[in-house]
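The block underneath contains the structure these notes are about, expressed in structure tokens.
The numbers here are math on the coordinates, done by the rules we state, and not lab data. What you see is a predicted model; the values in this text were computed from it and never measured. Virtual Cβ from ideal backbone geometry, glycine too; neighbours counted across all protein chains shown.
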Amino acid sequence: MNWIVILEWIVIVALVVYMLIWPLIRPRLVAKIIDNLEFNQKISENAQLIDVREPAQFRQKHILGARNIPANQIKESISSFRKDTDILLYENSQMKLTTAAAGRLKKAGFKNVYILKTGLSKWGGKVKQG
């Protein structure tokens, strides 16, 4: 077999593995992933609770006490966050938006960033519905 063909296959396999595994690893590199119980405990400790979904989704239903800052606006809102207080991020169920937001916060020097593992879809705590 030709070495070029072998090298091409190695690159293809590496890319496929990367595309499958990276979305699972990245959230843990930018924030701590926590369950409902720990998330609720941090809410009661007056952490900054941020819903990163779009405003229309936020108005329909959100965790009681949350602020709505869409993930694509986190960078512009950095100055509104306190570095000395935990930041709690959540979205519906995936961790795509929260991971992006947490990455921006980490890049800006925030260290205490947490993501709700199951998202709002499996949240058992208090919510406000509109």
The chain: most fluctuating residue of Ile21, Ile115, Ile12 per GNM, C-alpha cutoff 10 Å: Ile12
May I ask you to compute the full-extension gain from Leu20 to Ala56, defined as 0.36 nm times their residue separation minus their alpha-carbon distance, rounded to one decimal in nm? 9.9 nm
The exposure ranking of Glu54, Glu76, fewest beta-carbon neighbours within 10 Å first, is Glu76, Glu54
Mind checking which of Asp51, Asp35, Asp86 has the largest fluctuation in a GNM of the chain, springs on alpha carbons under 10 Å? Asp35
Residues whose modelled amide H sits under 5 Å from the amide H of Arg67, counting only those 5 or more places away in sequence or on another chain, are Leu49, Ile50, Asp51
Which GluC sites (Glu not before Pro) does segment 1-70 hold that lie in a coil by DSSP with at most 16 other beta carbons within 10 Å? Glu45
Out of residues 5 or more away from Ile33 or on other chains, whose amide H comes under 5 Å of its own, with H placed 1.01 Å from N in the peptide plane? Ile115
Hz values of 3J(HN,Hα) by residue in segment 34-46 - Karplus curve (6.51, -1.76, 1.60), Gly and Pro given as x: 10, 8, 4, 4, 5, 4, 5, 5, 5, 4, 5, 8, 6
Quick one: if you stick a label point 7 Å off each Cα along the C-beta vector at Gln129 and Asn68, how many nm between them? 1.7 nm
Note: segment 3-125 at 37 °C, 0.692 mPa s; Kirkwood Rh on alpha carbon pairs; Stokes-Einstein D in µm²/s works out to 213 µm²/s
So the angle from the long Cα axis of helix 3-30 to the longest Cα principal axis of the chain, reported in degrees to the nearest 10, equals 10 degrees
Here the FRET efficiency for Lys32 versus Gln94, based on Cβ atoms and R0 = 22 Å and rounded to 0.05, is 0.80
